[in-house]
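Take a look at the structure below.
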Amino acid sequence: MTDDTDDVTVESLIDRLRAEAEADADPETTPDVGVIMGSDSDLDVMRGAHEALDELGFAEQTDFHDAPDARFTYETYVVSAHRTPDLMYAYGETAAERGLDVIIAGAGGKSADLPNMTASIAYPLPVVGVPVQEKSVDSVIGMPTGAPIVAVDAGKSFNAALSAVQMLAREHEVLEDRLVAYHESLTGGVARDSRDLHDMGVAGYVASREE
Ligand code: RP5
């Protein structure tokens, strides 16, 4: 559902989230993974999460009330901890009722508080934090005892999505199968490289990569 861009306000987004939470939608039709980021300037880094989810057969859901055919879906919002704290609170607070099973949250800068604050608000729903920049790592992972967050290294949003799907896979065997197939495709690539490097010799291997 797309709001008229002239009319959109943080309040209207909060109202939308709260209405969706109250809709009591069939869990099979709601987004399974929520991807949020502090700014649209984080999107280039956070695209890795979308790529991993796409790779694992997830589809993007852009309308809460009109799910794509794919069984597993994700949604994406910009939510700024410092500029729109009310939206962050509403997103975290409604996440479970809106049917999300896990949130991937990315933020940059030295005060990258969206992941850690969302983890506290959405608890016990798991949050995978992505420090968008190297300088954001301490801020994302520095949670006090009793306030957990799962986090990946700076920029590793692809891995954040793999971790999120690992969590979902405990309940959905088909996702476990997809994760295993993905991993096997990686090991196959390493095996091929290893054989070719050995069998072609270093010079031949380097030349074959330059062709
Ligand atoms: C953080 O500040 C965002 O996550 C982003 O990484 C950074 C800069 O935000 P913009 O000024 O580009 O909106 O909160």
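Taking square-rooted eigenvalues a ≥ b ≥ c of the alpha carbon gyration tensor, is region 137-211 rounded, prolate or oblate, where a/c under 1.5 means rounded and, failing that, a/b exceeding b/c means prolate?
Note, shape of region 137-211 comes out oblate.
Report relative contact order for region 77-118 in percent, whole number only (criteria: Cα-Cα under 8 Å, sequence separation at least 6).
For region 77-118, the relative contact order is 41 percent.
Which value in nm describes the separation of the simple spin-label points at ASP69 and ARG209, placed 7 Å from the Cα toward the beta carbon?
4.0
Can you tell me which of VAL150, VAL132, VAL33 moves the most in a GNM of the chain? Springs connect C-alpha atoms under 10 Å apart.
Sorting by GNM fluctuation, first place goes to VAL150.
Taking the chain as a Gaussian network, where each spring joins two C-alpha atoms under 10 Å apart, which residue of ALA164, ALA147, ALA119 fluctuates the most?
With Cα springs under 10 Å in the chain, the top fluctuation among ALA164, ALA147, ALA119 is at ALA147.
For a Förster distance of 45 Å, can you work out the FRET efficiency between the beta-carbons of VAL180 and GLU11, rounded to the nearest 0.05?
Efficiency at R0 = 45 Å is approximately 0.50.
Kindly express, to the nearest 10 degrees and within the range 0 to 90, the angle between helix 10-22's C-alpha long axis and the longest C-alpha principal axis of the chain.
Tilt relative to the chain: about 90 degrees.
Count the net charge of all other residues whose Cβ sits under 10 Å from the Cβ of PHE72, scoring Lys and Arg as +1 and Asp and Glu as -1. Walk me through the numbers before you get to the answer.
Values: positive: ARG71, ARG178; negative: GLU28, ASP32, ASP101.
So the environment of PHE72 carries a net charge of -1.
So, with +1 on the Cβ of K and R and -1 on the Cβ of D and E, and no other charges, what is the size of the charge dipole of the chain about its Cα centre, to the nearest 20 debye? Spell out each step's value before the answer.
Values: 14 positive and 41 negative charges, 214 e Å.
With only Lys, Arg, Asp and Glu charged at Cβ, the dipole is about 1020 debye.
Two-decimal Rg/Rh of the chain from alpha-carbon positions, Kirkwood Rh?
Checking Rg against Rh, the ratio lands at 1.05.
Express the relative contact order of the chain as a whole percentage, based on alpha carbon pairs under 8 Å and six or more residues apart in sequence.
20
Taking 0.36 nm per residue of sequence separation and subtracting the Cα-Cα distance, how much length would be gained by fully extending the chain between GLU171 and THR187, in nm to one decimal?
Between GLU171 and THR187, full extension yields 3.2 nm more.
Roughly how many whole Å is it from the C-alpha centroid of region 152-196 to that of region 18-32?
28
Rounded to the nearest 20 debye, what is the charge dipole size of region 44-119 about its Cα centre when +1 sits on each Lys and Arg Cβ and -1 on each Asp and Glu Cβ?
Computed charge dipole of region 44-119: roughly 360 debye.
Once amide H atoms are placed 1.01 Å from N in the peptide plane, what residues at a sequence separation of 5 or more from THR73, or on another chain, have their amide H within under 5 Å of its amide H?
ASP32, VAL33, ALA59
Exactly which trypsin sites (Lys or Arg not before Pro) in region 51-106 are in a DSSP loop and have at most 16 other Cβ atoms within 10 Å?
ARG71, ARG83
Coordinate-derived values only; no laboratory data. In this text, all values refer to a predicted model and were calculated from it rather than measured experimentally. Note that we place each Cβ from the backbone using ideal geometry, even for glycine, and neighbour counts take in every protein chain shown.
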